[in-house]
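A short reminder: the numbers here are calculations on the coordinates, not readings from a lab. Every value quoted in this text rests on a predicted model; they were computed, and no experiment measured them. Neighbour counts are summed over all protein chains in view; Cβ atoms, including those assigned to glycine, are modelled from backbone coordinates with ideal geometry.
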């Protein structure tokens, strides 16, 4: 009797969604996540460029992940868990796709967001898996299979009447760190140019500072402030001998590093409902 109960418990585990050894979900930081070191840097760059272009033009997001295994989960269970965490696609539009390759399991899946289930029904996703991915994967050409898959998905998605993506414009409020750095540069250059060209130099650097502030930060307040500050600070002297080129070397440590900046990628809040198709090779 105990054996039967144990067998029943094990059989029901996949249905409960619980597993003591679930594969940890990869952290989403880029459009192509390769945990198997299968793709070269050039392969990743090419795929990333194609996916970024699609998002820019249509707003839809595609993410690719290669991992060793999804076991003990099926690739379908893993796929929906990943989709719920990554939220690829735009919120309310749900135009996201995740291409999953479990290399050691020899399994792959295309997970399709709600908003693209009309453009990429299960039958189309199945054909892409069977005709674009499987033959190339069998030959070890994972990059080629993914390129063909992305090209097909790109063509299908571009034919879908999706909402126009929002164009990111320069923010009205400048980043405090960037503004401070800019003003420090203005402070330094204003004195140097004043010492070289006199009043005419002060007026020139004031105008240039205002124009640069407006161009870089799209902030009228910062532009006016930078122009005024450049003019005023150009009359300031440090010590009796003005700006010195020797000694302390200017600002201690210089302008170092800054933030690590771009390169990040995240989902837009898209929803998934299990649409798509799986296969093997």
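Express in nm, to one decimal, how much length is gained between residue 21 and residue 106 on full extension, taking 0.36 nm for each residue of separation and deducting their alpha carbon distance. It would help to have the intermediate numbers written out before the result.
Details: separation 85, 0.36 × 85 = 30.60 nm, distance 1.96 nm.
Stretched fully, the residue 21-residue 106 segment lengthens by 28.6 nm.
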Review point. If the chain between residue 57 and residue 127 were fully stretched, how many nm would it gain, using 0.36 nm times the residue separation less the Cα-Cα distance?
Key: 22.7 nm
Revision key, fill the gap. If R0 = 30 Å, then residue 69 and residue 158, at their Cβ-Cβ distance, give a FRET efficiency to the nearest 0.05 of 0.35
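Between rounded, prolate and oblate, where does the stretch 14-97 land on the alpha carbon gyration tensor, with a ≥ b ≥ c its root eigenvalues, rounded for a/c under 1.5, else prolate if a/b exceeds b/c? Intermediate values should be presented prior to the final figure.
Numbers: a/c = 3.21, a/b = 1.39, b/c = 2.31.
Verdict is oblate for the stretch 14-97.
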Review point. Once the piece of chain linking residue 30 and residue 84 is laid out straight, how much longer is it, given 0.36 nm per residue of separation minus the C-alpha distance between them?
Key: 17.8 nm
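For the stretch 21-161, what does the alpha-carbon gyration tensor say about shape, rounded, prolate or oblate, given a ≥ b ≥ c as the root eigenvalues, a/c under 1.5 as rounded, and a/b over b/c as prolate? Provide the component values of the computation, followed by the final result.
Numbers: a/c = 1.38, a/b = 1.20, b/c = 1.15.
Rounded, because the longest to shortest axis ratio a/c is under 1.5.
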